[in-house]
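Visitor: Sending over a structure as structure tokens; questions will come in a sec.
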Amino acid sequence: MSILIFTETENGKFKKSAFELASYGRAIADPLGVELMAVCFNIQDTSPLESYGVDRLIQISDPSLENFTAHQYAANMAEIAQTHDAKLVILSSSANAKYLAPLLAVSLSAGYASNVVGLPESIEPLRVKRSCFTNKAFNLSTLDNKVNIIGLSNNSYPVSENPKEMVVEQKKAILSETSFKVEKVEKASGQVSIADADIVVSGGRGLKGPENWHLIEDLASTLGAATACSKPVSDMGWRPHSEHVGQTGKPVASNLYIAIGVSGAIQHLAGINSSKVKVVINNDPEAPFFKAADYGVVGDAFEVVPELIKKLKAFKYNE
Amino acid sequence: MKILVCVSHVPDTTSKINFVDDDTAFDKNGVQFIINPNDEFGLTRAIWFQQKQGAEVTVITVGDPSCEPTLRKCLAIGADRAFRIDLSPTDGFQVAQQLSAHCKDENYDLIIAGRESIDYNGAMVPGMLSALLGYSFLTNCMALEIEGRSVKASREIDGGIESVSCDLPLVVGAQKGLVEEKDLIIPNMRGIMQARQKSLTVVPAVDSSIQSSISKFEKPAPKGAVKMVDANQIDQLIDLLHNEAKVI
Ligand SMILES: Cc1cc2nc3c(=O)[nH]c(=O)nc-3n(C[C@H](O)[C@H](O)[C@H](O)COP(=O)(O)OP(=O)(O)OC[C@H]3O[C@@H](n4cnc5c(N)ncnc54)[C@H](O)[C@@H]3O)c2cc1C
Ligand SMILES: Nc1ncnc2c1ncn2[C@@H]1O[C@H](COP(=O)(O)O)[C@@H](O)[C@H]1O
């Protein structure tokens, strides 16, 4: 019996979520006394994972799996899960993980709970807390199946070091015939994606127009943050769709969310609720967002943001 | 081309979320229900296939009779026919099994569902349905073109866009971008009148299993009061974020 995690990579390196999943998996494996296994695809240096408590890593290297393809990855994961009698498979909440998980669930006849926000409340039967109603609520779900899959929300479990002797095993990929082909991947290089970011800086209609977005971008680059926006901002084409956050856009689960010139409509809040610390900068003291904020500044974005950037640069310099 | 659009009947985005029966059930009192926004993007794209490429568009929901106004709205938007599978589902897998049983009889070329529902947020149904039917699957779909049996599509990935190609049959998880907000079709009087003549068939549920059940709901803990920082003392904000919140 074992617990299996799917570790994701970006540019040939483990993503932070891989370490989160390993730490989380370790915390479940220990009291059960079972092996914690990980699967990774096309990665050269596997050693960073050793620090987080993985007992055995199955490494699959195949140029035809260079691009993520959900059904091929799912088939490989399923085979490994079956061979090693995995009772619990743990994935992140990235776009790829959410694409893969339902396919894996069907091939393993497993139960699947997405958006899980912490350690299980019980293991037999598996009971987990997951967010629902787009972060406006949680539900306690029971999954009473031979195999279960957890999709862990990003930033919901702290990374903790726990070095182990990690066995690395190479495995040949299984590849199935398919008409499905990834033709092209376009990624903005050097930018932090909203899903992976620890800090997100978001701009709303209060910024008046796309020509003012350098304020958001400068603040974000000072903090190493991702940029985001409210729905009307992307609807008007000031910013790309991919930056739209909220109930009908991307969810944000960062450690820090800074909202500038965003009013704080219920649909916006729903998507960013699970961010830990929220800072609101708005010139209207009555803006609803202040009620949902941890820290607030009433002021004109065009004055406050440049000042904040200047002070942050000085702060970073002094550190 | 035969298209099926799977619609989920969900609380309006402005709804206050409350629970009843000792926090075991959603409180529907005073709540408006709408077509799940991701499904509405998908439905609109399907109607364009109908208008430009002569596709036939069917909508389906798994739910109790209270979902019927949502199906009628889909018919008013332009869908040709509707099905309701008569079951209040317990989990996404159960929905997928019900839909798959219906699809096996109908042989749809293209099945469009939402990337995720805004109530359950499972992001489960379309992927599970594709696996049960053995169809290709792509989710977070933001562009979709079909010529004959060949599909060209793009999907949003973390930090970018990916272009893919495959053959029909296909299940798609739709999202914004597949069509734009401004393209959504608001039913007019004629559409609403026509919808009354279109067929809405209620079919009994098939045997299905469930893999998860919800024992309790809970709302996030109330937040502490906001700390206000004077706009002329931005240093104080940096200090709080560094020393108190420890996020920078
Ligand atoms: C079905 C549906 C789904 C939706 N989904 C989403 C969603 O997912 N995400 C989302 O964001 N919205 C969503 N919305 C829209 C939402 O209701 C709001 O309309 C939207 O969030 C408002 O965007 P905003 O805050 O940028 O603009 P506004 O509401 O116009 O607010 C602008 C804010 O900027 C402030 N401001 C103005 N000038 C300045 C200045 N110089 N300095 C500082 N502050 C200034 C103003 O005081 C105001 O608070 C949805 C709506 C519907 C109906
Ligand atoms: N009860 C249902 N009936 C029909 N389709 C559904 C139902 N529930 C979910 N779906 C479809 O599956 C998508 C994803 O839902 P979910 O897996 O709940 O996030 C929705 O956007 C719908 O297209």
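Visitor: How big is the Rg/Rh ratio for segment B:207-248, C-alpha atoms only, Rh by Kirkwood, two decimals? If you can, show how the numbers build up before the last one.
Guide: Values: Rg = 20.9 Å, Rh = 14.6 Å.
Result: Rg/Rh = 1.43.
Visitor: How large, in percent, is the carbon and sulfur part of the accessible surface of chain B at a probe radius of 1.4 Å? Please report the intermediate quantities before stating the final value.
Guide: Working: 5220 of 10480 Å².
Roughly 50 percent of what the probe reaches on chain B is carbon or sulfur.
Visitor: I would also like to ask the following. How about segment A:66-163: which trypsin sites (Lys or Arg not before Pro) there are in a DSSP loop, with at most 14 other Cβ atoms within 10 Å of their Cβ?
Guide: Listed in order of number, the matching sites are A:K146.
Visitor: For segment A:199-318, what does the alpha-carbon gyration tensor say about shape, rounded, prolate or oblate, given a ≥ b ≥ c as the root eigenvalues, a/c under 1.5 as rounded, and a/b over b/c as prolate? Show your work: numbers first, answer last.
Guide: Numbers: a/c = 1.36, a/b = 1.28, b/c = 1.07.
Rounded is the answer for segment A:199-318, as its axis ratio a/c remains below 1.5.
Visitor: Per DSSP H run of at least 4 residues, take -39500 (n - 2.57); add these up for chain B, divide by its residues and hand me the 222 nm value, nearest 500 deg cm²/dmol.
Guide: Value at 222 nm, helices only, nearest 500: -8000 deg cm²/dmol.
Visitor: Would you be so kind as to identify all helices of chain A, as entire DSSP H runs, whose Cα atoms reach 15 Å or more along the helix's own axis and whose mean Kyte-Doolittle hydropathy is at least 1.0?
Guide: Helix filter hits for chain A: A:95-108.
Visitor: Would you kindly compute the Cα radius of gyration of segment B:73-179 and its largest Cα-Cα separation (Dmax), both in Å?
Guide: Final numbers for Rg and Dmax: 14.0, 40 Å.
Visitor: For B:E244, A:E79, A:E177, give the ranking by accessible area with the largest first, probe 1.4 Å.
Guide: From most accessible down to least: A:E177, B:E244, A:E79.
Visitor: Using a probe radius of 1.4 Å on heavy atoms only, what accessible surface per residue do you get for chain A? Whole Å² is fine.
Guide: For chain A, the per-residue accessible area is 39 Å².
Visitor: Order B:M1, A:M37 by their accessible area, 1.4 angstrom probe, all chains in place, largest first. Don't jump to the answer; show the numbers that get you there.
Guide: Numbers: B:M1 65, A:M37 0 Å².
The ranking, largest first, comes out as B:M1, A:M37.
Visitor: Also, quick follow-up: Could you sort B:W48, A:W213 by their accessible area in this structure, using a 1.4 Å probe and putting the largest first?
Guide: B:W48, A:W213
Visitor: While we're here: Using a 1.4 angstrom probe and counting only protein chains, how large is the accessible area of A:T222 in Å², to 10?
Guide: 20 Å²
Visitor: B:S208: accessible area at probe 1.4 Å, nearest 10 Å²?
Guide: The accessible area comes out at roughly 40 Å².
Visitor: Quick one: buried accessible area between A and B, total over both chains, 1.4 angstrom probe, nearest 100 Å²? Numbers along the way, then the final one.
Guide: Numbers: alone 15770 and 13800 Å², together 23030 Å².
Buried area (both sides, nearest 100 Å²): 6500 Å².
Visitor: Could you check how much of the accessible area of segment A:199-318 is carbon and sulfur, as a whole percent, using a 1.4 Å probe?
Guide: Of the solvent-accessible surface of segment A:199-318, carbon and sulfur hold 54 percent.
Visitor: Could you report the accessible area of B:V203 in Å², rounded to 10, computed with a 1.4 Å probe on the protein chains as they sit in the structure?
Guide: 40 Å²
Visitor: Taking the Cα atoms of chain A alone, what are Rg (to one decimal) and Dmax (as a whole number) in Å?
Guide: 21.0, 60
Visitor: So for the protein assembly as shown, what percent of the C-alpha to C-alpha distances run longer than 40 Å?
Guide: Numbers: 38893 of 160461 pairs.
Distances greater than 40 Å cover 24 percent of the Cα pairs.
Visitor: When Cβ neighbours within 10 Å are restricted to other protein chains, what is their mean count per residue of peptide A:238-247?
Guide: Details: counts 0, 0, 3, 7, 8, 0, 2, 0, 1, 5.
What the average comes to for A:238-247 is 3.
Visitor: Equivalent-ellipsoid semi-axes (√(5λ), Cα gyration tensor) for segment B:2-216, whole Å, largest first?
Guide: 25, 20, 18
Visitor: Per residue of A:302-309, what is the mean number of Cβ atoms on other protein chains within 10 angstrom of that residue's Cβ?
Guide: Average neighbour count from other chains, rounded to a whole number: 3.
Visitor: Round to a whole angstrom and tell me the spacing of the C-alpha centers of segment B:87-103 and segment B:192-213.
Guide: 10 Å
Visitor: Restricting attention to segment A:214-319, which trypsin sites (Lys or Arg not before Pro) occupy a DSSP loop and are surrounded by at most 16 other Cβ atoms within 10 Å?
Guide: The qualifying sites are A:K276.
Visitor: What's the average, rounded to a whole number, of partner chain beta-carbon atoms within 10 Å of each residue's beta-carbon in A:276-282?
Guide: 4
Visitor: Within 9 Å, Cβ to Cβ, of B:T201, how many net charges do the neighbouring residues add up to if Lys/Arg are +1 and Asp/Glu are -1? Can you show the working numbers first?
Guide: Details: positive: B:R81, B:R84; negative: none.
Around B:T201, the surrounding residues sum to +2.
Visitor: Collect residues whose amide H, placed 1.01 Å from N in the peptide plane, falls under 5 Å from the amide H of A:L126; neighbours closer than 5 in sequence don't count.
Guide: Placed amide hydrogens put A:L143, A:N145 under 5 Å from A:L126.
Visitor: For B:K152 and B:E106, what is the calculated FRET efficiency with R₀ set at 22 Å and r taken between the beta-carbons, to the nearest 0.05?
Guide: It comes to 0.35.
Visitor: Roll a 1.4 Å probe over the protein chains and send me the accessible area per residue for chain B in Å².
Guide: The answer is 42 Å² per residue.
The values are calculated or read from the model by the stated rules, or taken from the named source; none is laboratory data. Every value quoted in this text rests on a predicted model; they were computed, and no experiment measured them. No Cβ is skipped: glycine too gets one built from the backbone with ideal geometry, and neighbour counts run over all protein chains shown. What goes into the accessible areas is simple: the full protein's heavy atoms, side chains included, and nothing from ligands, DNA or RNA. Shrake-Rupley method; radii C 1.70, N 1.55, O 1.52, S 1.80 Å.
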